[in-house]
Amino acid sequence: MTVEEVIGTLFQGEDQQLIQSLINISSIKQYSKGQVIYDYGIEQEECYILASGIAYTYLPDKKHQMNTTCFFSEKFDLLNIEGIDVKTRVGAKAVVDTEVCVIPVEQAKCLSEKYPALIWRYIKGLQKMMMYLCVVNNQRMNLSAEDCYRWFCQKWPVIDKMASNQQIASFLRIRPESLSRLRRQVKENEKDNKVITNVLVSKDLQSDYLDIRKIWEKTSVMRQ
């Protein structure tokens, strides 16, 4: 996938000069399996948008073991799941060979002074991703271990075969040996063909019930 395809799709309908300016400063980077896309504990200097492949974010625990917080496999997923103006608490790695569209933060900030729509696009994308992660985390904490694994397989069937047991087990909040047991258990009961419902499986299914721009404009008027 090219920079033109990623930027052109994400910013469709925006000013053509803005789109071309973003294309000029952006690039496609290749990450091999297991390679760090960005590490935790740093101030992010780039925005990362998934172009192809699979990535995951991870959070270190008190023993500095890396626990998976989420997987990303949908084209154009925003991999920066925290604000770009703070040090990251999570990192991101490629599960398989992955392509990422990279936009330099400082250059994007300069562009946003001329094109305010750029910052609103970023805020809305970040808001949508954070809402999505909250729902995913709430669901996986409330489901039983077996149902949680079934849900995981329904949402990311390919990842179950590509990610390591440690990556998947830490995401499901279980031990790797428990994951092996769950796999056998689900396989033995596969005839029931149970489908986990009431679980968000796509960011496109959620409504944008929070519009930060409208809230900001409303509060700005009230402050005047």
Checklist line | Residues (within 22 Å of Ala92 (Cβ to Cβ) and touching a residue at least 12 places away in the same chain (Cβ under 8 Å)) located in the range 152-165 | finding: Phe152, Lys155, Trp156, Val158, Ile159, Met162, Ala163, Asn165
Checklist line | Yes/no for Gln30 being touching a strand residue (DSSP E or B) at 6+ places or on another chain (Cβ under 8 Å), touching a residue at least 12 places away in the same chain (Cβ under 8 Å) and surrounded by fewer than 15 Cβ atoms within 10 Å (Cβ to Cβ) | finding: yes
Note to self: For the structure I just gave you, tell me whether Leu200 is surrounded by 15 or more Cβ atoms within 10 Å (Cβ to Cβ), modelled with pLDDT under 85, outside any helix (DSSP H, G or I) and within 24 Å of the chain's Cα centre (by Cα).
What the structure shows: yes
Next item on the list: Would you please name the residue that is farthest from Ile7 (Cα to Cα), looking only at residues in the range 50-95 that are of a type in the set (D, E, K, R) and in contact with a helix residue (DSSP H, G or I) (Cβ under 8 Å, 6 or more places away or on another chain)?
Entry: Glu74
Notebook entry, point to check: So is Tyr40 closer than 17 Å to Phe171 by Cβ, surrounded by 13 or more Cβ atoms within 10 Å (Cβ to Cβ), out of contact with any His (no Cβ under 8 Å at 6 or more places or on another chain) and hydroxyl-bearing (Ser, Thr, Tyr) or not?
Noted result: yes
Check: What are the residues in the range 43-57 that are in contact (Cβ under 8 Å) with a residue 40 or more places away in the chain, under 23 Å from Arg173 (Cα atoms) and either in a strand (DSSP E or B) or in contact with a His (Cβ under 8 Å, 6 or more places away or on another chain) (or both), if any?
Finding: Ala55, Tyr56
Next item on the list: Considering only residues that are of a type in the set (D, E, K, R) and either at pLDDT below 80 or part of a helix (DSSP H, G or I) (or both), look in the range 173-190 and name the one that is farthest from Met130 (Cα to Cα).
Entry: Glu188
Check: Only one of these conditions is not met by Asn193: (1) exposed (fewer than 15 other Cβ atoms within 10 Å of the Cβ); (2) at pLDDT below 85; (3) within 19 Å of the chain's Cα centre (by Cα). Which number is it?
Finding: (3)
Next item on the list: Please find, within the range 71-90, the residue that is farthest from Asp61 (Cα to Cα) out of those that are touching a Gly at 6+ places or on another chain (Cβ under 8 Å) and outside any loop (DSSP other than H, G, I, E, B).
Entry: Leu78
Note to self: I need the full set of residues from the range 98-107 which are outside any strand (DSSP E or B) and touching a strand residue (DSSP E or B) at 6+ places or on another chain (Cβ under 7 Å), in order please.
What the structure shows: Val105
Checklist line | Every pair of residues 6+ apart whose Cβ atoms lie under 8 Å, when the first sits in the range 61-79 and is over 29 Å from Pro104 (Cβ atoms) while the second is part of a strand (DSSP E or B) and among the aromatic types (Phe, Trp, Tyr) | finding: Asn67/Tyr58
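The values are calculated or read from the model by the stated rules, or taken from the named source; none is laboratory data. None of these values were measured; they are calculated from a predicted model. Please note: Cβ atoms are built from the backbone with ideal geometry, for glycine as well, and neighbour counts cover all protein chains shown.
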